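The values are calculated or read from the model by the stated rules, or taken from the named source; none is laboratory data. What you are looking at is a predicted structure, and each value in this text was computed from that prediction instead of being measured. When we count neighbours, we look across all protein chains shown, and the Cβ atoms used for this are built from the backbone with ideal geometry, even at glycine.
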């Protein structure tokens, strides 16, 4: 069905090219001390508007573009991990998801610092620079490394946030709070970590990476106010930890 409406291979190639270009621009801007995320975003949006006039675009930086009734919509974060970037930490990237009727079909999470891209097409698997990806083997909860991803509206003193982090930090091996979901999702897909726990995440932070992770073998579950994506055999213990919150 999606192939008849959307050329998945062409869209995937476009998303990869744009993500790599955006990452290179961010690195250059950081090194040379000029340019901004708005400049990167403008190039992406203009390219998509010229190539796919019938598609919509929702950018973290500049909002909605294109037809309101578009069946195909691009979610774009041109500088994922912007707070890290601003203070000189090499933990930032670019995220793209292409949705057909609100269902993700193509995703790219690009690590701008390393130049490495991780991507997926629905039903075809996840890949990183030509290598097919697979999530890690199942482990008990005490051995899990878990990425924590939260939306920008989640306050530091949010009771649910505080309680969940306390539980995870006490009961798992490690909780990563990188501030760069693009990197977290790539780590999950390549088997470097075991799960991602999302609390009220932004669409740019969740849709691209969760498709990549699922295509590498991860599964999703919801418990309380959380979405957990991770290694199938590891989710039971993690879900039990968060169920009380």
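Numbers below:
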{"read-out": "Condition broken by residue 61, with the remaining ones in (1) free of Cβ contacts under 8 Å to residues at least 40 places away in the same chain; (2) more than 26 Å from residue 177 (Cβ to Cβ); (3) within 16 Å of the chain's Cα centre (by Cα) satisfied", "value": "(2)"}
{"read-out": "From 118, 145, residue being under 22 Å from residue 188 (Cα atoms), assigned by TED's automatic domain parsing to the domain that holds residue 208 and in contact with a helix residue (DSSP H, G or I) (Cβ under 9 Å, 6 or more places away or on another chain)", "value": "145"}
{"read-out": "Scope the stretch 61-76; condition more than 23 Å from residue 8 (Cα to Cα) and part of a loop (DSSP other than H, G, I, E, B); matching residues", "value": "61, 62"}
{"read-out": "Odd one out for residue 160, checked against (1) part of a loop (DSSP other than H, G, I, E, B); (2) under 25 Å from residue 236 (Cβ atoms)", "value": "(1)"}
{"read-out": "Selection within the stretch 97-122 - in contact (Cβ under 8 Å) with a residue 40 or more places away in the chain and part of a loop (DSSP other than H, G, I, E, B)", "value": "112, 113, 115, 122"}
{"read-out": "Residue 79 being within 18 Å of residue 206 (Cα to Cα), more than 13 Å from the chain's Cα centre (by Cα) and in a strand (DSSP E or B)", "value": "no"}
{"read-out": "Among residues of the stretch 215-232, those that are outside any strand (DSSP E or B) and either touching a helix residue (DSSP H, G or I) at 6+ places or on another chain (Cβ under 9 Å) or at pLDDT below 95 (or both), counted", "value": "7"}
{"read-out": "Index of the failed condition, residue 31 passing every other in (1) in a loop (DSSP other than H, G, I, E, B); (2) under 23 Å from residue 183 (Cβ atoms); (3) modelled with pLDDT under 95", "value": "(1)"}
{"read-out": "Subset of the stretch 127-138 (residues that are at pLDDT 95 or above and not in a strand (DSSP E or B))", "value": "133, 134, 135, 136, 137, 138"}
{"read-out": "Residue satisfying all of: in the stretch 1-28; free of Cβ contacts under 8 Å to residues at least 24 places away in the same chain and not in a helix (DSSP H, G or I); nearest to the chain's Cα centre (by Cα) among these", "value": "7"}
{"read-out": "Only listed residue being surrounded by 20 or more Cβ atoms within 10 Å (Cβ to Cβ), modelled with pLDDT of 95 or more and assigned to a strand (DSSP E or B), chosen from 212, 198, 206", "value": "198"}
{"read-out": "Candidate set: the stretch 135-156, residues that are more than 23 Å from residue 81 (Cβ to Cβ) and surrounded by fewer than 16 Cβ atoms within 10 Å (Cβ to Cβ); chosen: the one nearest to the chain's Cα centre (by Cα)", "value": "137"}
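Every residue, every condition in (1) assigned by TED's automatic domain parsing to the domain that holds residue 96; (2) surrounded by fewer than 20 Cβ atoms within 10 Å (Cβ to Cβ); (3) under 19 Å from residue 203 (Cα atoms), yes or no:
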position: 21; (1), (2), (3): yes, yes, no
position: 26; (1), (2), (3): yes, no, no
position: 51; (1), (2), (3): yes, yes, no
position: 57; (1), (2), (3): yes, no, yes
position: 64; (1), (2), (3): yes, yes, yes
position: 68; (1), (2), (3): yes, yes, yes
